[in-house]
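Structure, as structure tokens:
The values are calculated or read from the model by the stated rules, or taken from the named source; none is laboratory data. None of the values given here were measured: they were computed from a predicted structure. Neighbour counts are summed over all protein chains in view; Cβ atoms, including those assigned to glycine, are modelled from backbone coordinates with ideal geometry. Only protein heavy atoms, including side chains, enter the accessible area calculation; ligands, DNA and RNA are left aside. Shrake-Rupley method; radii C 1.70, N 1.55, O 1.52, S 1.80 Å.
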Amino acid sequence: EAQVTQNPRYLITVTGKKLTVTCSQNMNHEYMSWYRQDPGLGLRQIYYSMNVEVTDKGDVPEGYKVSRKEKRNFPLILESPSPNQTSLYFCASGFSGRTGEQYFGPGTRLTVT
Amino acid sequence: QQPVQSPQAVILREGEDAVINCSSSKALYSVHWYRQKHGEAPVFLMILLKGGEQKGHDKISASFNEKKQQSSLYLTASQLSYSGTYFCGTETLGSYQKVTFGTGTKLQVIP
């Protein structure tokens, strides 16, 4: 089944404890992206990647890191999480960010205390 | 900068029509429309590319006026299944593959 998977789906952690949210897609998509969703603010892009080893900042990259070492995986790293990073995170993939549909993962709800 | 969507929320009775607008302050290459139902991930509806085309499937269609940097989503004869939050995403000229979403329009269709 074609899909985007994210793990974990739910995470409660403490300030400063490094964490990684994994994202994997099985559709051979070149484009992958991370978004955060907060009430009243819509979807805000954190980072995106147009291909392996090619990443770029979205609108809210501060406090996050990403890497794209393989085509199928695009992990999101929070080196020192803070309470303002409490949010719902979505990973998405597509053949192109410009002309193609993005397929969203199920989301990861992160709470930082 | 996020595109501006209007209205922020709308309630419709089944069978009524609705228009959701998306406006950018920058020149656009493409506009993407998604719908998100409560507790679920956003789902793609359609993309409109520079060129002023109009697209549609079923009773949902959209237009893109690149000169005004605006797009509109038209929902005709709304059904209960149309309920959800609609997001427009824009890619501006010069921001290759960087998609910025608006804050969403919450649509509720009631019987």
Solvent-accessible area of B:Arg13 with every protein chain in place, 1.4 Å probe, in Å² to the nearest 10 | 130 Å²
Net charge contributed by nearby residues that have their C-beta within less than 15 Å of A:Pro61 (K/R +1, D/E -1) = +2
Given A:Lys57/B:Lys98; B:Lys26/B:Lys67; B:Lys59/B:Lys98, the pairs whose alpha carbons are separated by over 19 Å = B:Lys59/B:Lys98
Based solely on C-alpha atoms, express the radius of gyration and the Dmax of the range B:1-68 in angstrom.
-> 13.0, 36
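Would you mind getting me the FRET efficiency between A:Asn26 and A:Ile77? Use the beta-carbon distance for r and R0 = 25 Å, nearest 0.05.
Values: r = 22 Å, r/R0 = 0.88.
Once rounded, the FRET efficiency stands at 0.70.
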Given the Cα-Cα distance of B:Leu80 and B:Val19 and 0.36 nm per residue of separation, how much length would full extension add, in nm?
-> 20.4 nm
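Could you work out the relative contact order of the range A:17-72? I mean the mean sequence separation of Cα pairs under 8 Å and 6+ apart, divided by the number of residues, in percent.
30 percent
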Heavy atoms of B:Glu40: accessible area, 1.4 Å probe, square angstrom to 10 | 100 Å²
Taking chain B as a Gaussian network, where each spring joins two C-alpha atoms under 10 Å apart, which residue of B:Ser25, B:Ser72, B:Ser83 fluctuates the most?
-> B:Ser25
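How crowded by other chains is A:29-42, given as the mean number of beta carbons from other chains within 10 Å of each beta carbon?
Values: counts 0, 1, 2, 0, 3, 0, 4, 0, 7, 1, 1, 3, 4, 14.
Averaged over the peptide's residues, the number is 3.
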Which whole number of Å³ per residue matches the convex hull of the alpha-carbon atoms in chain A?
-> 93 Å³
Full-stretch length increase - A:Leu88, A:Ile12 - with 0.36 nm per residue and alpha-carbon distance subtracted | 26.2 nm
Label-point separation in nm, B:Glu40 to A:Ala2, each point 7 Å along Cα→Cβ | 1.7 nm
Under 5 Å from the placed amide H of A:Tyr47, counting only residues 5+ away or on other chains, we find A:Trp34, A:Gly58
Label points 7 Å out from Cα along the Cβ direction at A:Ser96 and B:His57: separation in nm?
-> 1.8 nm
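Provide the percentage of antiparallel DSSP beta bridges, counting only those with both residues in chain A; round to the nearest 5.
Expressed as a percentage, antiparallel bridges in chain A total about 90.
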